[in-house]
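Written below as structure tokens is the structure these notes are about.
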Number of protein chains: 2
Amino acid sequence: MDDHTDQIRKPRADAVRNRERVLEAAKAVFNAGGPEASLEAVAKRAGVGIGTLYRHFPTREALFEAVYRREVEQLSELAEQLKNAKDPVAALRRWLHSGVEFVATKKGMMAALALAVQSGSELHAFSFDRLTKAIGSLLDRAVAAGGMRADISPEDLLRAFFGMCYVHDQAGWQATALRLLDVFIDGLRVRPKIKERAARRTSPAAKRKR
Amino acid sequence: MDDHTDQIRKPRADAVRNRERVLEAAKAVFNAGGPEASLEAVAKRAGVGIGTLYRHFPTREALFEAVYRREVEQLSELAEQLKNAKDPVAALRRWLHSGVEFVATKKGMMAALALAVQSGSELHAFSFDRLTKAIGSLLDRAVAAGGMRADISPEDLLRAFFGMCYVHDQAGWQATALRLLDVFIDGLRVRPKIKERAARRTSPAAKRKR
DNA sequence: TTGTTAAACGGAGGGTGCCTCCGTATCTTC
DNA sequence: GAAGATACGGAGGCACCCTCCGTTTAACAA
């Protein structure tokens with residue numbers, strides 16, 4: 001039981017191709033039909049057997065993660081950029097708002113985030129780590145700058161964000177989500193100087209209906 | 001096509017009995033196994049055929065509403081009582097905290113609330129109206145007392161509440177939810193006097209882990 | 001009581017989706 | 001080209017959803 005250098009074979013061409021096809025199909029199907037969409041539909045669309053799909057992505061979650069990995073990364077990179085903004089609280093706000101944008105665009109995104117948020121069990125999804133770190137960095141800066149209370153964890157904030165977006169398929173939910181997030185951020189703020197606050201007031205805020 | 005006084009027959013005894021049984025069984029099953037639990041399991045537990053279950057509750061949602069109606073009413077009544085509290089902001093906070101309690105106790109409650117929150121389509125569930133009104137009354141008083149900004153609707157708040165409870169099956173979620181709700185309420189407050197705020201600081205707040 | 005009839009029962013059955021398993025096909029390597 | 005590893009695909013078993021309709025049963029009248 002030695003000798004044969006464990007050289008790895010080149011991965012099979014068809015396998016690579018099929019994986020890609022499935023991913024493509026899944027993206028299309030999820031973005032359109034929501035997260036309930038059947039995996040068999042995905043397989044059919046990809047032109048592969050259901051068995052192949054399951055071999056590449058053993059669970060629905062795995063497929064979700066793969067499909068929305070790029071999006072999560074984008075969101076994460078955005079946080080990276082915003083880290084250099086001069087007003088860290090505003091940066092956090094902008095990041096959250098972008099998150100809403102993402103959810104609005106990608107119909108299956110919420111399901112993907114749900115995984116991250118629940119972070120059920122051991123696997124501790126890629127998305128969870130990534131997003132937690134992203135938020136954490138923004139949060140830390142805001143706290144360090146003295147603009148924000150320190151007793152909320154990135155995980156908490158992620159959950160809150162997710163929660164506010166929950167109703168992502170109701171008409172007008174975006175405005176609601178943005179408003180709720182703004183309120184939340186206000187709650188996070190260490191009491192600001194009056195002027196500063198008044199200034200900020202002018203921009204966001206949506207007019208209330210009733 | 002006249003004459004026969006449309007006297008209504010007394011409802012059949014077995015129908016009444018079965019309805020009750022199903023409700024009972026559903027309560028048990030949902031509270032234990034969560035909202036995913038199969039309706040067939042409910043039927044079996046109730047000792048009735050699946051057809052009977054469907055006749056009484058044509059949709060899963062209908063059954064949910066029926067099962068959690070009492071809970072929603074309790075929550076709603078609590079709001080009624082709290083209306084007389086002297087500090088309306090604190091009253092709102094207490095109500096929300098009670099909500100968390102409810103969710104913690106009843107395993108299917110979140111699913112029931114989900115219905116209310118989504119309020120998908122026309123039916124505009126009983127729960128939605130009831131909870132919206134409950135929150136509305138508390139909110140209005142707080143706003144009227146000058147303690148709270150006026151641009152958040154009861155619906156919004158309900159959604160936010162729901163969102164904060166979303167992770168209701170993770171260890172320690174309750175503490176998180178309470179903390180998040182507190183932050184949110186802080187965000188809702190019209191900027192308070194300093195003393196007041198400092199005083200409140202002492203009680204709630206959970207220590208942050210990291 | 002007994003008969004009539006509307007109301008309710010129950011579960012078979014058709015549909016869909018999940019996931020596994022394994023005989024077959026295809027690719028890589030020598 | 002042959003061998004062996006790897007991947008394919010879809011049949012099949014399972015669970016659940018929901019509908020439909022022949023059978024049963026309770027309410028009412030005679």
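The values are calculated or read from the model by the stated rules, or taken from the named source; none is laboratory data. Since the model is a prediction, treat every value here as computed from it, not as a measurement. Note that each Cβ is placed from the backbone with ideal geometry, even for glycine, and that neighbours are counted across all protein chains shown. Note: accessible area is taken over every heavy atom of the protein model, side chains too, but ligands, DNA and RNA are not part of it. Shrake-Rupley method; radii C 1.70, N 1.55, O 1.52, S 1.80 Å.
Can you bin segment B:8-58 into rounded, prolate or oblate? Criterion: square roots of the alpha carbon gyration tensor eigenvalues sorted a ≥ b ≥ c, rounded for a/c under 1.5, prolate for a/b above b/c, oblate for the rest. Taking the square roots of the gyration eigenvalues as a ≥ b ≥ c, segment B:8-58 is prolate.
Considering only A:P154, A:G136, A:A177, and ranking their Cα positions along the charge dipole of segment A:68-201 that arises from unit charges at the beta-carbon of Lys, Arg, Asp and Glu, the one farthest toward the positive end is A:A177. Mean partner shielding of peptide A:152-162, defined as the number of other chain Cβ atoms within 10 Å of each residue Cβ, is 5.
The distance linking segment B:87-155 with segment A:14-48 is 39 Å (Cα centroid to Cα centroid, whole angstrom). Here the Karplus curve 6.51 cos²θ - 1.76 cosθ + 1.60, taken at θ = phi - 60°, turns the phi angles of segment B:39-53 into couplings of 5, 5, 4, 4, 4, 4, 4, 6, x, 10, x, 4, x, 4, 4 Hz, with x standing for Gly and Pro. For segment B:8-58, the solvent-accessible area of protein heavy atoms averages 66 Å² per residue (probe radius 1.4 Å; ligands and nucleic acids excluded). Sorted from nearest, the other copies put their B:A104 label points 3.7 nm away, the label point being 7 Å from Cα in the direction of Cβ. Over segment B:60-201, accessible surface divided per residue gives 42 Å², non-protein components excluded, 1.4 Å probe.
Each residue of segment A:150-163 was assigned a 3J(HN,Hα) from its phi angle through the Karplus curve 6.51 cos²θ - 1.76 cosθ + 1.60 (θ = phi - 60°); the sequence is 10, 9, 10, 8, x, 4, 4, 5, 4, 4, 4, 4, 4, x Hz, with glycine and proline shown as x. Sorted from shortest to longest, the distances between the B:P11 label points of this copy and the other copies are 6.1 nm, with each point 7 Å from Cα along the line through the beta carbon.
With a 10 Å cut-off around each Cβ of B:112-118, the average count of Cβ atoms from other chains is 1.
Please report the buried accessible area for the interface of B with A, total over both chains, probe 1.4 Å, in Å² to the nearest 100. About 3600 Å² of accessible surface is lost on pairing. Return the subset of A:K106/A:K133; A:K27/A:K86; B:K83/B:K106; B:K10/B:K133 for which the Cα-Cα distance in this structure is over 31 Å, preserving the input order. In this structure, A:K27/A:K86; B:K10/B:K133 lie more than 31 Å apart at Cα. Summary of packing: across the peptides A:48-59, B:10-21, B:137-148, B:154-165, the per-residue average of other C-beta atoms within 10 Å ranks them, highest first, as B:154-165, B:137-148, A:48-59, B:10-21. Per-residue shielding of B:165-176, expressed as the average number of other chain Cβ atoms within 10 Å of the residue Cβ, stands at 3. Using the Cα coordinates of segment B:60-201, the gyration tensor eigenvalues translate into equivalent-ellipsoid semi-axes of 26, 17, 13 Å, sorted from longest to shortest. Going by a ≥ b ≥ c, the root eigenvalues of the Cα gyration tensor, does segment A:1-93 fall in the rounded group (a/c under 1.5), the prolate group (a/b larger than b/c) or the oblate group? Oblate, because a/c is 1.5 or more while a/b does not exceed b/c.
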